[in-house]
Amino acid sequence: ITGVFFILLAIYLLFAFSSYLFLYFQWGADDLLSSFSFKRILFDSSVEANNWAGRLGAALSIFLIKKGFGVAAFLLILMLIVAGVYMSLRITVLPVWKTIRNSLLGLIWLPVALGFIMRDSDFAVLGGVTGYQSALWLEGLLGKTGTAISLVFTLIAILVFAFNMPLELPK
């Protein structure tokens, strides 16, 4: 039952996140909801959401994408699907623990990188508030050059650690 719930939740979040990003970049819709509290979005029936997943989908999208991890929130969907399929059907689509580990690494690195790269553009939402604030903090601490170097270094470290990439130059 838990596995089926994870799969259905992942599908719901996929619709909610996709709708949020589509409407955000097309018309700025549902961004108006970000000024409301999570509680008001959920329980005030006068609040209208254009999200394909309703008010709950809009609230979760704002919380996880805009105010959270940006597009890295889609990695939560990957984790839910992989775990849900394994729990309900005993089918290993991807190695469960390795996928969860790598997705968690992506949830840490990707928002910061996108927050650093997209900070002054219309696409700043792709890094979320987490990425934006982390990038600002790193820039204040290390400067732009130091932040870029640390992001490249951590990307290489993640690729070596998570995917066992060799550190050698091509022949």
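Numbers at a glance
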| item | result |
| --- | --- |
| Whether the chain is rounded, prolate or oblate, judged on the alpha carbon gyration tensor where a/c under 1.5 counts as rounded | oblate |
| Electrostatic dipole magnitude of the range 39-131 [Cβ: Lys, Arg +1; Asp, Glu -1; Cα centre; debye, to 20] | 320 |
| Structure-based [θ]222 nm, the chain - -39500 (n - 2.57) summed over DSSP H runs of at least 4, per residue, nearest 500 | -22500 deg cm²/dmol |
| Amide H contacts under 5 Å for residue 94, placed H, 5+ residues apart | none |
| Order of exposure, largest accessible area first, which applies to 144, 39, 66 with probe 1.4 Å | 39, 144, 66 |
| Where the chain is the region considered: accessible area per residue in Å², 1.4 Å probe | 60 |
| The range 89-98 - phi-based ³J(HN,Hα) in whole Hz, Karplus 6.51/-1.76/1.60, Gly and Pro as x | 10, 6, 10, 9, 5, 9, x, 4, 5, 5 |
| Furthest towards positive pole of dipole, 83, 51, 22, structure part the chain, Cβ charges | 83 |
| With every protein chain in place, the range 40-157: carbon and sulfur % of accessible area (1.4 Å) | 70 |
| Heavy-atom accessible area ranking, 1.4 Å probe, most first, across 97, 52, 109 | 97, 52, 109 |
| Selection from 135, 124, 109 lying farthest towards where the dipole of the range 76-171 points positive, charges on Cβ | 109 |
| Three-way shape call for the range 54-142 based on the alpha-carbon gyration tensor, with the a/c threshold at 1.5 | oblate |
| For the range 1-159, size of Cβ-based charge dipole, Lys and Arg +1, Asp and Glu -1, in debye | 460 |
| Whole-angstrom gap from the range 139-171 to the range 41-114, using each part's C-alpha centre | 25 |
| Largest to smallest accessible area among 86, 24 [probe 1.4 Å] | 86, 24 |
| Area accessible to solvent at residue 138, 1.4 Å probe radius, in Å² | 30 |
| Calculated from backbone phi, Karplus (6.51, -1.76, 1.60) coupling profile of the range 48-63 in Hz, x at Gly/Pro | 9, 10, 8, 5, 5, 9, x, 5, 5, x, 5, 5, 5, 5, 5, 5 |
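The values are calculated or read from the model by the stated rules, or taken from the named source; none is laboratory data. In this text, all values refer to a predicted model and were calculated from it rather than measured experimentally. Cβ sites come from the backbone with ideal geometry, for glycine too, and all protein chains shown count toward neighbours. Heavy atoms of the whole protein, side chains included, go into the accessibility calculation; ligands, DNA and RNA do not. Shrake-Rupley method; radii C 1.70, N 1.55, O 1.52, S 1.80 Å.
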